[in-house]
Amino acid sequence: MTPPPAHTNPNTLQSLMKPKWVDEIFDKLLQIDKKLAKVDDIHRKISGITQRLNTFKSDINNLKKITGNMGNTMGTLKKNTEEMEKEVEQMKQSQKNIEDSITDLKCRSMENNLPFYGLAEYNGNRRENCARLINDFCETELETQNVRQQIERAHRIGQLNRENTNPRPIVVKFSTFRERERIRKKATKLSSTPYRIQEQYPKEIYEQRKQLYPKLNEARLRDKTARLIKNKLIINGAEYDPLEPQDNQEDDEDWETVQHR
């Protein structure tokens, strides 16, 4: 083999000595290294995603456990709430029963009482004798004698206001219910006078009666027998119930006629 000339470049010499396919192999190896690097990077990313996915699954399992416990807790809370609501309703009913009992006791304490309205009020310095005033009133207006003997107590109610031209009513407590009724039934004689006599009730009963007055007047305008007994409205012998539908269709035409008289 003839040696290369002395002036030949060493790199050129090396290239002459190395086959071309060696460079191709090196190029392919470099490409493989680059692709392997990319594969490693993808593998790292997949590992990270897998780890996060496992953490997410663990969180879901924990959430399911918590949700299950919350479901049990919610069920318990719902049961307790229902029991508390029942207790509240029972307490409300007990309160209503107590209030009704108190109202009934008030009514009983007032059953011998009658308020007299319209009697002029004495505004002098001397104390007014209400019992004697009622006795004289009953003699002159009701034509009833010796009422003073049946009066246990008589007094004005309400705050005194000298600028008010309307006299305060006088509440009279009679010795017996029978005497009270005897005087009350004579109140029809006062229909054309400025005086009135009414039964006395607690405030709550007055409020209930006030709600029933329109129905009372309506029933009477329909030529029905209607009256108020304490806080109950009796129409044609039956107690009026505002929650029950009233059968008034048969006389609606007559009612319209009455309304436009």
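Readers should treat all values here as calculations from the given coordinates under stated rules, not as data from a laboratory. Keep in mind that this is a model prediction, so the values were computed, not measured. Methodologically, a virtual Cβ is constructed for each residue, glycine included, from the backbone with ideal geometry; neighbour enumeration extends over all protein chains shown.
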Cα-based Rg then Dmax for the range 201-244, in Å, read 10.2, 30
Full extension between Leu77 and Arg52 adds, at 0.36 nm per residue less the Cα distance, a length in nm of 5.4 nm
Once the in-chain neighbours fewer than 8 apart are removed, the lysines whose Cα is under 22 Å from Lys224 read Lys185, Lys210, Lys215, Lys232
Counting only backbone N atoms under 13 Å from a point 7 Å out along Cα-to-Cβ of Arg162, the residues of the range 114-133 in range are 122-126
